[in-house]
Amino acid sequence: MSLKKITFNDRQIICQEEDTVLDALLRAQIDIPHACRQGVCQSCMLRSLQTAPPPAAQNGLKDVLRHQNYFLACLCYPQQDMSVSLGADSGAFATATVVGKDMLNADTLRLTLQCPDIPDYYAGQFVNLKRADGLTRSYSISNNRKQRHKLEFHIRRLAGGRFSEWAHAELAIGDSLAVSAAQGLCYYLPGRAAQSLLLIGSGSGLAPLAGIISEALDQGHTGPIHLYHGSRNMAGLYWTAEMRRLARQYPNFHYSPCVSGGEAGQGVCKGRAHELAMSALPDLKGWRIYLCGHPDMVHQAKRQAFLKGAAFQDIHADAFHIGATTPA
C-alpha cells in the first residue's frame, strides 16, 4: 500500500492510496470548504506549496490557477508527499520604504516602494498596503516584475478616502509601509505568445494593465495587444504619451484612450471604453481578456466578452471597489 504524507497548516496526516486529499483531510477532522466532491463547484481548491499537483486534479481550473499550483482536493490522488494550503497568505506582511511619489494627473499618484523582502509577484496582481495604525487598502501592482524589489501603484485620490488622501498629502519619502504577499489572478501568463489580448481599464484601472502589457512585450508576445483606457473626461486620462510611444515601438500593440463625457482631444475616442472595444472587436473567440476598474464596467464587459466568444477561463477581471471613507 502506497501512503502519502499531506502537510496542512503544520499538521501532518496520512493519505491512503484510495483516498483523495479531501478524503484524507476530512478523515483527520480538518474541515476545509467543499460541496459537490466531483470537481464542479471548485470550493475545495487548495494550493500545493512545494510540488506540482497531479494534472487531473487541475481539471477545469484557469491557466493562472494551474500556473500557481492550485488544485481541487476532491480530484487529487497524491502521487508524492504534498504540503498544501488554502491559498496565498494575505496575513503575512513585509516592510517597504517609500522611494518615489509623483503625480500622473491631478488625482492619481504614482507611489513607488522599495521592498527587499517581498515574495515573488506578477504585474497585475494586488497587495494590501497597511500603515502604522492598521488601516489597510488593496492596490494593484503596475510595474514589470523585472524590478524585483520595487513596487509601483497608482493611487487615485478619493474625497474622504482615509488611505488615499493620507497617501497623497502626508506619506513622505523615507516612510515605511507594510506590504502583504501578492494576490490575484489578473496577470500575464506566458506560453501562448501568438494569442490576441484585449485589455480594458477605467481610471486607475490602467495600473495593472500597464504592468501586464510591459511583461507581455518583454517576454516576446507576438499576438495583437489592444488596450482601451477610459475616463469621464480628458483630465482623467494619463500615461497617454507613454502608451503612444509604446505603440510606435511595438507594431502589435494598439492603444485607444477614450472619454465618455466632454470633448475628446486629438487621437482620443469618444465613448465608454468597453463599448468601443466590443464594437471594434466583434469576435473574441480565442482571445485573452483583462478587465480592470469600475465594477459596473468590469461586469458588463465580462458578460459581453463571453457572448462574443471569449472562453470563461480566458477572462481575467479585477473590479476596483472603493474602501470606507471618513465622514463628510
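When we screen Gly203, Gly191, Gly160 for residues that are in contact with an Asp or Glu (Cβ under 8 Å, 6 or more places away or on another chain) and either touching a residue at least 60 places away in the same chain (Cβ under 8 Å) or on the phi > 0 side of the Ramachandran plot (or both), the only hit is Gly191.
Look at Asn144 and say whether it is of a type in the set (S, T, N, Q), outside any strand (DSSP E or B), in the same structural domain as Ala169 (by TED's automatic domain parsing) and within 17 Å of Tyr290 (Cβ to Cβ). Yes; evaluated as a whole, the condition is true for this residue. The residues in segment 282-307 that are in a loop (DSSP other than H, G, I, E, B), touching a helix residue (DSSP H, G or I) at 6+ places or on another chain (Cβ under 9 Å) and on the phi < 0 side of the Ramachandran plot can be counted, and the count is 3.
Elements of the type strands (runs of 3 or more DSSP E) sitting completely within segment 1-90 and holding at least 1 residues that are in contact (Cβ under 8 Å) with a residue 24 or more places away in the chain and of a type outside the set (A, V, I, L, M, F, W, C): these cover 4-8, 45-48, 70-72, 82-85.
Of all residues in segment 5-46, those satisfying the criterion of being under 28 Å from the mean Cα position of the chain (by Cα), surrounded by 12 or more Cβ atoms within 10 Å (Cβ to Cβ) and of a type in the set (Gly, Ala, Ser) are Gly39, Ser43. Residue count for segment 91-130, restricted to those that are out of contact with any helix residue (DSSP H, G or I) (no Cβ under 7 Å at 6 or more places or on another chain), farther than 30 Å from Leu49 by Cβ and part of a loop (DSSP other than H, G, I, E, B): 2.
If you check Thr97 against the conditions, is it assigned by TED's automatic domain parsing to the domain that holds Glu165 and among the hydroxyl-bearing types (Ser, Thr, Tyr)? The answer is yes for Thr97.
Any residue at all in segment 259-276 that is in contact with a Gly (Cβ under 8 Å, 6 or more places away or on another chain) and part of a strand (DSSP E or B)? Yes - at least one qualifying residue is present in segment 259-276.
A count restricted to segment 222-246 and to residues that are aliphatic (A, V, I, L, M) and assigned to a loop (DSSP other than H, G, I, E, B) stands at 1. Among the conditions (1) among the aliphatic types (A, V, I, L, M); (2) farther than 21 Å from Ser142 by Cβ; (3) assigned to a helix (DSSP H, G or I), Ala216 misses just one, which is (2).
Does Gly184 satisfy the criteria of being crowded, with 19+ Cβ neighbours inside 10 Å, more than 20 Å from Phe253 (Cα to Cα) and under 12 Å from the mean Cα position of the chain (by Cα)?
So Gly184 passes the test.
Would you call Leu198 part of a helix (DSSP H, G or I), farther than 17 Å from Lys150 by Cβ and either more than 18 Å from the chain's Cα centre (by Cα) or of a type in the set (A, V, I, L, M, F, W, C) (or both)? When the stated conditions are applied, Leu198 does not pass them. So, in segment 91-135, exactly how many residues are free of Cβ contacts under 8 Å to residues at least 12 places away in the same chain and within 26 Å of Gly203 (Cα to Cα)? Count: 2.
The values are calculated or read from the model by the stated rules, or taken from the named source; none is laboratory data. In this text the structure is predicted, and so the values were computed from the model without any measurement. Using ideal geometry, Cβ is built from the backbone for each residue, glycine included, and neighbour counts are taken over all protein chains shown.
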